[in-house]
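The structure under discussion appears below in the form of C-alpha cells.
The values are calculated or read from the model by the stated rules, or taken from the named source; none is laboratory data. All values reported here derive from a predicted model rather than from experimental measurement. When we count neighbours, we look across all protein chains shown, and the Cβ atoms used for this are built from the backbone with ideal geometry, even at glycine.
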Amino acid sequence: MCVARTKVCQSHKNQFALHQKLEELLVHQRTDVIFLGIHCGNVVLELGGKPALDVLRDLATSVGAKERDFLQGGLLLGGVIDENKNYFGRGDFLVRSILGIDRKRKGIAAGEFYRLGKTVQFHVRDAQTAVEDLQLLLDAQQLGVQPFAGLLVTCNGRGRSLFHEEDYDLTIIRERLGEVPIAGFFAAGEIGPIGGRSFLHGHTACLTLFRPENA
C-alpha cells in the first residue's frame, strides 16, 4: 500500500542445481508510497525540501483511520532501484525498516544508506497486498512447465503475525501450483532478486522453483 513519494535531500552519518533451471520469486508484504528526500548516511534529514520528521507527521495526520492502523503496524522506507523509470510500482523499491527518529535534527533513521537525490517512498505492511503480490507472481509461473520442487524461505515477520494463519504463503502456492513438493524455513533475512540484482530483504517470502533443464 502506498502513502507518498519524494526525494532525499541531505543526510549526516553517525548452488545445488546442476542440470536444472532455477526461477526465483520475491514477494513483499507492503505497497504504499511517500515523498523523496535528502539523507545523511542512514539518517534521512529532508524529504522533498522539508524536514523528514515533519513529512512523516503530516502523513500520519492526513490519512484515514484504516491507513493509520497500517502505520501503527510498522512503517518502512523503500529506495528506488532504477531511477530511470518513468513510473514506479510494485517491485521497484528496495524496502527497509525505519529504525528510529532523530528529534533534534528532525530526521528518520532507516536500515539503509541513501545517496543525495535518491527517490524514496514510505511503505506499510499489508496482508491483503502481500497475498495479491504472491498470487500475481505465481499466476505468471503457471504459464511455464510445472516445477518438480520448490524452496520457500519466508520472513519471521510473515506467517501468523501477518496473516493470522499458519503456513499461509504455502497455502497460496498450493492453490496456484498444485501439490509441488516444497521445502523451506523461516529466516530473519531473505536473499532474492529485485531490479535485476539480488539483495538481502526483510519481511518477504523468497520462492525458488526447480524445473527440468530443457523446460
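Matching residues to (1) modelled with pLDDT of 90 or more; (2) part of a strand (DSSP E or B); (3) crowded, with 18+ Cβ neighbours inside 10 Å; (4) of a type in the set (A, V, I, L, M, F, W, C):
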site: PHE113; (1), (2), (3), (4): no, no, no, yes
site: VAL120; (1), (2), (3), (4): no, yes, yes, yes
site: ASP169; (1), (2), (3), (4): yes, no, yes, no
site: PRO193; (1), (2), (3), (4): no, yes, no, no
site: PHE210; (1), (2), (3), (4): yes, yes, yes, yes
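Taking the stretch 173-191 as the range and being under 16 Å from the mean Cα position of the chain (by Cα) and part of a strand (DSSP E or B) as the test, the residues that pass are ALA187, GLU190, ILE191. Would you mind stating whether VAL27 is part of a strand (DSSP E or B), buried (at least 20 other Cβ atoms within 10 Å of the Cβ) and at pLDDT below 65? So VAL27 fits the description; yes.
Residue pairs whose Cβ atoms lie under 9 Å apart, separated by 6 or more positions or on different chains, with the first residue in the stretch 47-76 and more than 17 Å from GLN121 (Cβ to Cβ) and assigned by TED's automatic domain parsing to the domain that holds ILE101 and the second surrounded by fewer than 19 Cβ atoms within 10 Å (Cβ to Cβ) and small (Gly, Ala, Ser), are ARG68/ALA60. Can you work out which of the residues in the stretch 84-111 that are charged (D, E, K, R) and under 23 Å from PRO51 (Cβ atoms) is surrounded by the fewest Cβ atoms within 10 Å (Cβ to Cβ)? Result: LYS104. Every listed requirement among (1) under 19 Å from the mean Cα position of the chain (by Cα); (2) modelled with pLDDT of 90 or more; (3) surrounded by fewer than 16 Cβ atoms within 10 Å (Cβ to Cβ) is met by LEU152 save one, (3).
ASP133 satisfies every condition listed in (1) under 30 Å from GLY178 (Cβ atoms); (2) at pLDDT below 85 except (2). All conditions in (1) modelled with pLDDT under 50; (2) under 22 Å from LEU136 (Cα atoms) hold for LYS13, with the sole exception of (2).
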